[in-house]
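**Q** Take a look at the following structure, please.
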Amino acid sequence: MSHLCAVPGCARPVGGGRRASRAWSIYCNKHRSHERRHGHAEQRQVNLKELAPYLKITDRRLKVTPEARAWDAADERFRALADAAATDLAAWNRGQPMSGIQRLCAEEIDKLARVAKPREVWRLVAAVILMERREPGRFKSDDAFFVQMARVVRRLRDVNAYEWWDHKARRTRRGYRDPNKRVMVEMGRVLSVSLGMVGTTLARMEDAEEARQDKVKAELVGALGELEAGVKEAA
């Protein structure tokens, strides 16, 4: 008797086969593929439309304080990350031993640095951090968070894109070639550790601003209540 997929509500049997990843999988073929691509079998893809409110928060801070040293420092931080990736690749080309995951992650960051500006990169990283802070449960696991981080950033340029003809819809569709899950997790982790402090700082600033606004609103409500009570007493 075959077991059912571990995803709640899925009635498909777990994927079988000779390969260990299939033989020991707790997911059906569809959800196993989704887990590899998105970091978790139940993780929804993060798109730019969802990120728009969080990108606006970052852009508003950039507009209000365009000369802040923090923005240039974040640019330099990404450049340093890109330089480190290039150094790792040069060492590997000279024959220095290196794990496959580290090398492939370095290749992805090096490729990203060649086609995207530093501010474009950390702006997206900050937006994903803000989303994680503001939407508890949006990311199903740490791996899912890191994979989505990497996927969002890799879409900055068409270098990873390909197009294919959908015969059923009779139109051209676009897809993105992603490395394996472990490479994506490592890339997302590196970006989060190196650049995530921008997002966490903006999140604290937004929390403080909202708390201040709530306090002002509460004071206004209280003052209006006192005014109304005074009018009634006078009458």
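**Q** Is it the case that some residue within the stretch 156-165 is surrounded by 19 or more Cβ atoms within 10 Å (Cβ to Cβ) and in contact with a helix residue (DSSP H, G or I) (Cβ under 7 Å, 6 or more places away or on another chain)? Spell out the reasoning first.
**A** Taking the stretch 156-165 and keeping what is surrounded by 19 or more Cβ atoms within 10 Å (Cβ to Cβ), we get none.
Checked against the condition, which is being surrounded by 19 or more Cβ atoms within 10 Å (Cβ to Cβ) and in contact with a helix residue (DSSP H, G or I) (Cβ under 7 Å, 6 or more places away or on another chain), the stretch 156-165 yields no hits at all.
**Q** Still on this model: Picking from Lys168, Lys215, which residue would you name as being more than 24 Å from Val147 (Cβ to Cβ), loosely packed, with under 10 Cβ neighbours inside 10 Å and not acidic (Asp, Glu)?
**A** The unique qualifying residue is Lys168.
**Q** While we're here: One residue is enough: does the stretch 21-37 have a residue meeting the conditions exposed (fewer than 14 other Cβ atoms within 10 Å of the Cβ) and assigned to a loop (DSSP other than H, G, I, E, B)?
**A** Yes - at least one qualifying residue is present in the stretch 21-37.
**Q** Could you identify the single residue in Val190, Val231 that is of a type in the set (A, V, I, L, M), surrounded by 10 or more Cβ atoms within 10 Å (Cβ to Cβ) and either in contact (Cβ under 8 Å) with a residue 24 or more places away in the chain or not assigned by TED's automatic domain parsing to the domain that holds Lys111 (or both)?
**A** Every option except Val190 fails the conditions.
**Q** Among the residues of the stretch 177-200, which ones are of a type in the set (A, V, I, L, M) and more than 15 Å from Val152 (Cα to Cα)?
**A** Once the filter is applied, which keeps residues that are of a type in the set (A, V, I, L, M) and more than 15 Å from Val152 (Cα to Cα), the stretch 177-200 yields Val193, Met197, Val198.
**Q** Checking Lys140 against (1) under 20 Å from Val190 (Cα atoms); (2) not in a loop (DSSP other than H, G, I, E, B), only one condition comes out false. Which one?
**A** (2)
**Q** Here is a follow-up. Any residue that is part of a helix (DSSP H, G or I), more than 16 Å from the chain's Cα centre (by Cα) and either under 26 Å from Lys63 (Cα atoms) or at pLDDT below 90 (or both) - is there at least one of those in the stretch 162-178?
**A** No.
**Q** Could I ask something else about it? Gly15 passes all but one of (1) surrounded by 16 or more Cβ atoms within 10 Å (Cβ to Cβ); (2) modelled with pLDDT of 95 or more; which number fails?
**A** The one condition Gly15 does not meet is (2).
**Q** Looking at the structure I just gave you, is Ala11 of a type outside the set (Asp, Glu) and in the same structural domain as Gly196 (by TED's automatic domain parsing)?
**A** no
The values are calculated or read from the model by the stated rules, or taken from the named source; none is laboratory data. Predicted model only: the values in this text are computed from it and were never measured. All Cβ positions, even for glycine, are placed from backbone atoms using ideal geometry, and neighbour counts span all protein chains on display.
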